[in-house]
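Q: Pasting a structure here, questions to come.
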């Protein structure tokens, strides 16, 4: 990523469902904000991802329903380079967070769950992979619900 823009990396398992949807939803939210939020960069990766896979068709449909395009997404594995070039990592589950902490013990950057600051409901985002479109719509809405609390965290604790 470029210059001194801060980079947020959203992580799931295969980088074809949850993290790509979260990446686009978060980038869309940042675009509507003033700087410095507007200048944040968002990308996604998967702990067990292959390189170059498109987003799942139901992920594409779920975002298309809210006028966001995911057709150009291509998966990428979470790598040491991605880890070290991130300023903040947001994971879908506690297991993802724990795996990153275990594999990168000296990373020195914050790793939180995407829904960490949502006051009620689960802080986990279950994997919809292979499920019906309704499950992807629920996942999209769960991710969208978390964005205001992420923006609050970023303004109060991350961008200081």
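Any read-out appearing in this document is the output of simple, stated calculations on the displayed coordinates, not a laboratory observation. Just so you know, these numbers come straight off a predicted model, no measurement behind them. Heads up, the Cβs are rebuilt from the backbone with ideal geometry, glycines too, and the neighbour counts pull from every protein chain shown.
Q: With both partners inside the stretch 7-155, how many of the DSSP beta bridges are antiparallel, as a percent to the nearest 5?
A: Rounded to the nearest five, the antiparallel share is 5 percent.
Q: Let me ask something else. Please find, in a Gaussian network model of the chain (springs between Cα atoms separated by less than 10 Å), the residue of 66, 42, 111 whose mean-square fluctuation is greatest.
A: With Cα springs under 10 Å in the chain, the top fluctuation among 66, 42, 111 is at 66.
Q: Using helices alone, I'd like the mean residue ellipticity at 222 nm for the chain: each DSSP H run of four-plus residues gives -39500 (n - 2.57), total over residue count, nearest 500.
A: Details: 5 runs with 58 residues, N = 160.
The helix-only estimate for the chain comes to -11000 deg cm²/dmol at 222 nm.
Q: Given a Förster distance of 22 angstrom, what is the FRET efficiency for residue 48 paired with residue 98, based on the Cβ-Cβ distance and rounded to 0.05?
A: Efficiency computed from Cβ-Cβ geometry: 0.95.
Q: When the chain is modelled as a GNM with alpha-carbon springs shorter than 10 Å, which of 121, 52, 108 fluctuates the most?
A: 121
Q: Also, quick follow-up: Expressed as a whole number of Å, what is the distance separating the alpha-carbon centroids of the stretch 1-70 and the stretch 103-160?
A: Computed from Cα coordinates, the inter-centre distance equals 12 Å.
Q: Cut-off is 10 Å between beta-carbons; in what order do 114, 30 appear when sorted fewest neighbours first?
A: Going from sparsest to densest Cβ surroundings: 30, 114.
Q: Along Cα→Cβ, 7 Å out, is where each label goes; now give me the distance between the ones at residue 149 and residue 71 in nm to one decimal.
A: My value for the distance between the label points is 3.4 nm.
Q: Which value in nm describes the separation of the simple spin-label points at residue 35 and residue 106, placed 7 Å from the Cα toward the beta carbon?
A: 3.5
Q: Using only the Cα atoms of the stretch 83-160, build the gyration tensor, take square roots of its eigenvalues as a ≥ b ≥ c, and label the shape rounded, prolate or oblate: rounded if a/c is under 1.5, else prolate if a/b is larger than b/c, else oblate. Walk me through the numbers on the way to the answer.
A: Values: a/c = 2.43, a/b = 1.35, b/c = 1.79.
Since a/c reaches 1.5 but b/c is at least a/b, the shape of the stretch 83-160 is classed as oblate.
Q: Follow-up question, since we're still on this one. Looking at the square roots a ≥ b ≥ c of the eigenvalues of the Cα gyration tensor of the stretch 1-111, which shape do they give, rounded for a/c under 1.5, prolate if a/b is larger than b/c, or oblate?
A: Taking the square roots of the gyration eigenvalues as a ≥ b ≥ c, the stretch 1-111 is oblate.
Q: Have a look at 90, 40, 26 and tell me which one the Gaussian network model of the chain (Cα, springs below 10 Å) gives the largest fluctuation.
A: Of 90, 40, 26, the most mobile in the Gaussian network model is 40.
Q: What FRET efficiency comes out for residue 156 versus residue 57 if R0 is 41 angstrom and r is the Cβ-Cβ distance? Round to the nearest 0.05.
A: Efficiency, from the Cβ-Cβ distance: 0.65.
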